[in-house]
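The values are calculated or read from the model by the stated rules, or taken from the named source; none is laboratory data. Values in this document were obtained by computation on a predicted structure and should not be read as measured data. As a convention, Cβ positions derive from the backbone with ideal geometry for all residues, glycine included, and neighbour counts pool all protein chains shown.
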Amino acid sequence: MMKPACRAFRRRAVSTRIACRCRDTAPIAVSGRTYYVLCMWRRLLFAGMTAAVLGAPPARAEPVDTAITTAARAWQQAMGDKAPSATFSFTDDERFDWAYTPGYRKGVSIRDMTPPQRAAAATLMRSTLSAPGVAKAEAIMALEAVLAEVEGSSLDYRDPGKYFVSVFGVPGRHPWGWRLEGHHLSVNVTVAAPGAVSLTPVFLGTNPAEIPGGPRKGERVQRDEYVLALRFADSLDAGQRARALLRERSLGNVVAGPGRGDALATPEGLPADALSPPQQALLTDLIRTYVGLARDEIGRPYMDLVRAGWADTRVAWAGPMAEGRAFYYRIHGPRLLIEFDNSQGGGNHIHSLWRDPANDFGRDDLHRHYRGAPEAHGHRP
């Protein structure tokens, strides 16, 4: 029998608020209602797995596409009669209908899974994402309860369990894929062929971007995306800043969001190969913050593709290059599109995305796959 979630907390003399000190989460000042949801959610979401197991990478003895396939099959088996409601044809338009706004999705939500099913979903996440990637996804989900408290909205609307898992095609029968999606989080995995795995488009958002009060005041889930960008901007001289600057004010949101994959056809801004070696290292560190969401077996070869297109990669900025202000930046090359905007909420609400202009939804991988055996799949290259 599961122990009560409340056992590990201590009350603080701050009005009527509670500081949660569950073993697997740091304290945050929230009301009793939100405290209960946070503790129960974090304990139940990946029930049957300790925090140490969740943070540990899966065994690397098998290829990454095999690990993902094995995890997806195990999740479908654990789902039992719920599996069909989360399974779609690989050619279904639903595969491309991604979003980052709050609301219900097709698929099965984590909230509606049993503890063993949640554990299987966690294993599927860990088969695809790096340990920091899993932690970031989990933290974005957990912010829903904080946002409910800030807004005074219902926990049905802002529910940390309202993130949905869907499978497209048949795991192991190439091509196939799966998706994890909810408010401020969308990861679209395509396994086009053996060894060909892509995650884009990826959307990550945080609200609040910086927790404004309580014991965790100043904490940022997307700290690196923010801090490393400002560190890079601070390294630029006046001439470089002028070449990078799109306009004096932030754009207000990312441009290439859902349904707008072709909105940014031509890279703009400061050429990456015009940067000094230390500046290029700073920019590479910033790019790795996004690509590092994926397991290293996926991210490492992808970074090779990014470097191959370095001469055609541009960095653009809109708004002040200053901490505490609303700004936008973009890193755009043949195989890379990163956007970041924190204009909303007085500069405290982040929208960011990572796309591959050539291979979103595995498009380039699929072209090579079908070209190799078009008759087997009923497709022409």
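For region 75-100, the tally of residues that are surrounded by fewer than 17 Cβ atoms within 10 Å (Cβ to Cβ) and part of a helix (DSSP H, G or I) stands at 10. Is it true that some residue in region 191-201 is more than 19 Å from the chain's Cα centre (by Cα), assigned by TED's automatic domain parsing to the domain that holds residue 95 and outside any strand (DSSP E or B)? Yes: one or more hits.
What is the one condition in (1) within 30 Å of residue 145 (Cβ to Cβ); (2) assigned to a helix (DSSP H, G or I); (3) touching a residue at least 24 places away in the same chain (Cβ under 8 Å) that residue 205 does not satisfy? Result: residue 205 passes all but (2). Scan region 263-281 and give yes if some residue there is within 29 Å of residue 149 (Cα to Cα) and of a type outside the set (Lys, Arg), otherwise no. No, region 263-281 contains no residue that is within 29 Å of residue 149 (Cα to Cα) and of a type outside the set (Lys, Arg). For region 189-239, filtered to residues that are among the acidic types (Asp, Glu) and in contact with a helix residue (DSSP H, G or I) (Cβ under 8 Å, 6 or more places away or on another chain), the residue that is surrounded by the fewest Cβ atoms within 10 Å (Cβ to Cβ) is 224.
Can you spot a residue in region 329-348 that is farther than 30 Å from residue 197 by Cβ, in contact (Cβ under 8 Å) with a residue 60 or more places away in the chain and part of a loop (DSSP other than H, G, I, E, B)? Within region 329-348, one or more residues are farther than 30 Å from residue 197 by Cβ, in contact (Cβ under 8 Å) with a residue 60 or more places away in the chain and part of a loop (DSSP other than H, G, I, E, B). Using the structure shown, decide if residue 315 is in a helix (DSSP H, G or I), of a type in the set (Val, Ile, Thr), modelled with pLDDT of 95 or more and outside the structural domain of residue 93 (by TED's automatic domain parsing). Judged against the criteria, residue 315 is not a match. Pick from region 246-263 the residues that are modelled with pLDDT of 95 or more and crowded, with 18+ Cβ neighbours inside 10 Å: which of them is farthest from residue 283 (Cα to Cα)? Selected residue: 257. Out of 142, 148, one residue alone is modelled with pLDDT under 95, out of contact with any strand residue (DSSP E or B) (no Cβ under 9 Å at 6 or more places or on another chain) and under 22 Å from residue 294 (Cα atoms). It is 142. Taking first residues from region 270-284 that are under 14 Å from residue 243 (Cβ atoms) and in the same structural domain as residue 311 (by TED's automatic domain parsing) and partners that are basic (Lys, Arg) and surrounded by fewer than 20 Cβ atoms within 10 Å (Cβ to Cβ), the Cβ contacts under 9 Å between residues at least 6 apart in sequence or on separate chains come to 270/241; 270/243; 270/314; 271/243; 271/314; 272/314; 274/243. Residues that are part of a strand (DSSP E or B), out of contact with any helix residue (DSSP H, G or I) (no Cβ under 6 Å at 6 or more places or on another chain), over 28 Å from residue 191 (Cβ atoms) and of a type in the set (A, V, I, L, M, F, W, C) are absent from region 351-361 altogether. Contact map, region 168-183: residues that are farther than 19 Å from residue 359 by Cα paired with residues that are aromatic (Phe, Trp, Tyr) and part of a strand (DSSP E or B), Cβ distance under 7 Å, separation 6+ or inter-chain. Pairs shown: 170/176; 181/164; 182/164. Only one of the listed residues (150, 146) is buried (at least 22 other Cβ atoms within 10 Å of the Cβ) and of a type in the set (A, V, I, L, M). That residue is 146.
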